[in-house]
Amino acid sequence: MKILKFGGTSVGSAERMHSLAKLINDNAPKIVVLSAMSGTTNNLVEIGTALYAKENDKAKVLINDLDKKYQTVIKQLYSTDAALKKGQELLESHFSYLRSFTMDMFTINEERAILAQGELLSTALFHYYLEEIKIDSVLLPALNFMRIDENEEPDMKYIETNIKPELQKYPNAKLFITQGYICRNAFGEIDNLKRGGSDYTATIIGAAIQSEEIQIWTDIDGMHNNDPRVVDKTHPIAELSFDEAAELAYFGAKILHPTCILPAQMKNIPVRLLNTMQPEAKGTVISSKTTGDSIKAVAAKDGITAINIKSGRMLLAYGFLRAVFEIFERYKTPIDMITTSEVAVSLTIDNTKNLEAIRKELEEFCIIEVDTDLTIVCIVGSFAAEKQGYAFRIFDALKNIPIRMISYGGSENNVSILVDSKLKKDTLIALNKGLF
Ligand code: ADP
Ligand code: ASP
Ligand code: MG
């Protein structure tokens, strides 16, 4: 059974849902994972923020606007009165749920429940449409099997044990529809897999049922060699290894959720990136196969903070790095890049929630400098295949860009550099010119 995930734009209007129904109607067994309609999760974030700030009037207006948007969608989506009525009842129940928060207590748990409404709506609306046009499908509630543990990692054991009986309830079904992004946490509360998390849902389900292929359908024809939002003249890459794709996703290629490659890689399931607007395009295949090419693609991750840690005691002092890393570990703050010299170590983080506490502890034995608004630019490929020359090509392309940090050697797939975020565009353009 294949997993097919469709992102926000692929279900972004009634018209797109009509095309989607045609695209998936081929009788092959599949689980279809849907995102919320494009824009909805952002709208829900705004609603949650207003409620959190006790701006209930503002929240009411935002909820009414979203309701109106969906009223228009259902009128265009359905052509029979019966389907339209079901759609109206669905909207009535979800929007009165949202409105109930303008009268009630509001905490972080309610905020997550609000964020879940987008995927609950898109899947149910699409399921009713399939019903209207007489295509059999089963709506699988993701909240019955998707779960994260206390470290916010997918609880693969739980998911495996719980999705199988859900599927077995319908031995003759060929088409399952389920929600991306949403899950329950270790306490059973509604939670989510972070923004862009529907990709992760698809690969987690793929791994849980040992699917033969996971397809991520979006609005572009595969992983491009550079960020198409920033650079002109990018092109799709036909093949990537799991390691290469994971680096690109983690370091900012928005087409994939940062950590969604791992579940597929663990079970060696190929991931295909495809374009709903251009279904015949080849897209990108991500698999265990490594291709011999050298430099394949570039991606950029913003919002990076660098911490420079200086200590007179560092040279020859074993245990120094352990003492530093333990602090980050205690505050559950992952480190992305590291470089060292004899007297200093520089490292980067993107989660600054506990930065002040980390800084205080580090200052007990080192001198700290913190730099914000930085961008990691990551150059990905199979560098072992081309042992000489690629470093020259990369840094030759970057000869006019001031570089704050360089990291290479951690894997054969990645050279990372750190630049001021203001220079991100120039850096990506320079690399495009020099490398591709
Ligand atoms: P979806 O809503 O389908 O999940 P996303 O917006 O999350 O879609 O991801 C697709 C978008 O990712 C593309 O429209 C493109 O602008 C952006 N993107 C950023 N970097 C890349 C890249 N290297 N290759 C392809 N798309 C990229
Ligand atoms: N709807 C969620 C978001 O906008 C999840 C996703 O689209 O993947 O982030
Ligand atoms: Mg996405």
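Just so you know, all these numbers are worked out from the coordinates, no wet-lab data involved. Every value quoted in this text rests on a predicted model; they were computed, and no experiment measured them. A quick note on method: Cβ atoms are made from the backbone with ideal geometry, for glycine too, and the neighbour counts reach across all protein chains shown.
Please verify whether the stretch 64-73 includes one or more residues that are in contact (Cβ under 8 Å) with a residue 24 or more places away in the chain, surrounded by 17 or more Cβ atoms within 10 Å (Cβ to Cβ) and in a loop (DSSP other than H, G, I, E, B). The answer is no, given that none of the residues of the stretch 64-73 is in contact (Cβ under 8 Å) with a residue 24 or more places away in the chain, surrounded by 17 or more Cβ atoms within 10 Å (Cβ to Cβ) and in a loop (DSSP other than H, G, I, E, B). Taken over the stretch 100-129, the criterion of being aliphatic (A, V, I, L, M), within 19 Å of LEU193 (Cα to Cα) and not in a helix (DSSP H, G or I) is satisfied by ALA116 alone. Somewhere in the stretch 8-24, is a residue among the small types (Gly, Ala, Ser) and over 26 Å from the mean Cα position of the chain (by Cα)? No, that holds for no residue. Put simply, of LYS22, LYS58 the only residue that is away from ligand 2 (no atom under 16 Å from the Cβ) and either within 21 Å of GLY180 (Cα to Cα) or loosely packed, with under 15 Cβ neighbours inside 10 Å (or both) is LYS22. Checking each residue in the stretch 28-55 for being assigned to a helix (DSSP H, G or I) and surrounded by 14 or more Cβ atoms within 10 Å (Cβ to Cβ) picks out THR40, THR41, ASN43, LEU44, VAL45, GLU46, ILE47, GLY48, THR49, ALA50, LEU51, TYR52.
Considering the stretch 4-15, and only residues there that are of a type outside the set (Ser, Thr, Tyr) and buried (at least 19 other Cβ atoms within 10 Å of the Cβ), the residue that is nearest to ligand 3 (Cβ to nearest atom) turns out to be GLY7. Scanning the stretch 172-195 for residues that are on the phi < 0 side of the Ramachandran plot, within 16 Å of ligand 3 (Cβ to nearest atom) and in a loop (DSSP other than H, G, I, E, B) yields GLY180, LEU193, ARG195. Comparison of LEU120, LEU143, LEU130, LEU139 shows that the only residue that is surrounded by 14 or more Cβ atoms within 10 Å (Cβ to Cβ), over 30 Å from SER79 (Cβ atoms) and in contact (Cβ under 8 Å) with a residue 24 or more places away in the chain is LEU143.
Of all the residues in the stretch 277-311, those that are within 16 Å of ligand 3 (Cβ to nearest atom), over 18 Å from the mean Cα position of the chain (by Cα) and hydroxyl-bearing (Ser, Thr, Tyr) number 0.
One residue stands out among those in the stretch 196-238 that are in a loop (DSSP other than H, G, I, E, B) and either of a type in the set (A, V, I, L, M, F, W, C) or touching a Cys at 6+ places or on another chain (Cβ under 6 Å) (or both): the one that is surrounded by the fewest Cβ atoms within 10 Å (Cβ to Cβ), which is ALA238. Only a single item in (1) within 18 Å of the chain's Cα centre (by Cα); (2) within 16 Å of ligand 2 (Cβ to nearest atom) is not met by LEU121, and it is number (1).
The residues on offer are GLY196, GLY206, and the sole one that is under 13 Å from the mean Cα position of the chain (by Cα) and either free of Cβ contacts under 8 Å to residues at least 12 places away in the same chain or within 16 Å of ligand 2 (Cβ to nearest atom) (or both) is GLY196. Within the stretch 37-85, being touching a helix residue (DSSP H, G or I) at 6+ places or on another chain (Cβ under 6 Å) and of a type in the set (S, T, N, Q) holds for SER38, THR40, THR41, ASN43, GLN76, THR80.
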